[in-house]
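The structure appears below as structure tokens.
Taken together, the values in this text are just the output of simple stated rules run on the coordinates, not laboratory data. Computed from a predicted model, the values in this text were never measured in an experiment. Ideal geometry is used to build each Cβ from the backbone, glycine not excepted, and the neighbour counts take in all protein chains shown.
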């Protein structure tokens, strides 16, 4: 699947801390005018955007879920994505593990890993 500014994207692992990659990815996708929503279990507002506690709380189903979380958090995110019918997931560097990759492949998710969404899309 090709991704562009019209693709509905959920970024899981958005952080209020500007030093964390979850913040940087979210910030730079916003600046690049991507159609994104942020996920953090605490919810709230980050960068003037409503942040949802989980994928299951989103008002609409994303076409792509980008994970910027530790691998041990990723399994519950992939399970939620499956429950919603999301078929495209991207594991940012640091979010991947053999277990997550196998789970995604075993469940017919279109998964990208060992690649940075930001660099492949020319944002960074």
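Can you tell me which of (1) under 18 Å from residue 113 (Cα atoms); (2) in a helix (DSSP H, G or I); (3) more than 12 Å from the chain's Cα centre (by Cα) is the one residue 27 doesn't meet?
Every condition holds for residue 27 apart from (1).
Just the residues that are in contact (Cβ under 8 Å) with a residue 60 or more places away in the chain and surrounded by fewer than 19 Cβ atoms within 10 Å (Cβ to Cβ), please, taken from region 103-117.
Correct list: 110 only.
Considering only residues that are under 13 Å from the mean Cα position of the chain (by Cα) and either in contact (Cβ under 8 Å) with a residue 40 or more places away in the chain or under 17 Å from residue 123 (Cβ atoms) (or both), which ones fall in region 38-51?
38, the sole residue that qualifies.
Mind listing whichever residues of region 89-102 are surrounded by fewer than 19 Cβ atoms within 10 Å (Cβ to Cβ) and either within 20 Å of residue 30 (Cβ to Cβ) or touching a helix residue (DSSP H, G or I) at 6+ places or on another chain (Cβ under 6 Å) (or both)?
The one that is surrounded by fewer than 19 Cβ atoms within 10 Å (Cβ to Cβ) and either within 20 Å of residue 30 (Cβ to Cβ) or touching a helix residue (DSSP H, G or I) at 6+ places or on another chain (Cβ under 6 Å) (or both): 97.
Given the criterion in a helix (DSSP H, G or I) and touching a helix residue (DSSP H, G or I) at 6+ places or on another chain (Cβ under 8 Å), identify the matching residue among 69, 73, 77.
Answer to the selection: 77.
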